[in-house]
Amino acid sequence: MAAACELRSAGDLARAFAHLQRAHVLGQRFVVAHVRVHGAMLALALAQRNVAAAWGQLVRIALGALGSAVDRVPIGNTGGSDISMFKELPIEPELAELMQE
């Protein structure tokens, strides 16, 4: 999240979003972390004036909080509005290792 914030401040929005996707994979099982990542993705979408992505993030904030609260999240999903919010994805080995620790 910190790296995403720094990159966004530097104007590197694509790399900032990539860091947010990784943070999403790591934090989606925890309500606060999950909502925080989607909030950052929403802010990034608004900064890019991407209405569709912003709307997608608003929906994901509501449903993601509920999903995390009841432990029903699609494992590995990167959280962007460009893929289904219900789709499970493979987890990068580096992130899988962090999740096991």
(request) Please state which of the following conditions A23 fails to meet, knowing it meets all the rest: (1) crowded, with 19+ Cβ neighbours inside 10 Å; (2) hydrophobic (A, V, I, L, M, F, W, C); (3) touching a residue at least 24 places away in the same chain (Cβ under 8 Å). (result) (3)
(request) Please specify each residue of the range 67-93 satisfying the condition of being out of contact with any helix residue (DSSP H, G or I) (no Cβ under 9 Å at 6 or more places or on another chain) and not in a loop (DSSP other than H, G, I, E, B). (result) P93
(message) Filter the range 61-88 down to the residues that are surrounded by 14 or more Cβ atoms within 10 Å (Cβ to Cβ) and either over 13 Å from the mean Cα position of the chain (by Cα) or among the acidic types (D, E) (or both) and list them by number.
(response) G67
(request) Scan the range 52-60 and give yes if some residue there is over 13 Å from the mean Cα position of the chain (by Cα), modelled with pLDDT of 95 or more and hydrophobic (A, V, I, L, M, F, W, C), otherwise no. (result) yes
(message) Please go through the range 31-53 and give me each residue that is in contact (Cβ under 8 Å) with a residue 24 or more places away in the chain, surrounded by 14 or more Cβ atoms within 10 Å (Cβ to Cβ) and either of a type in the set (S, T, N, Q) or closer than 19 Å to K87 by Cα (or both), ordered by number.
(response) V31, H34, V35, V37, H38, M41, A53
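The values are calculated or read from the model by the stated rules, or taken from the named source; none is laboratory data. Please read all numbers here as calculations on a predicted model, not as lab measurements. Here the Cβ is made from the backbone with ideal geometry for all residues, glycine too, and neighbour counts use every protein chain on show.
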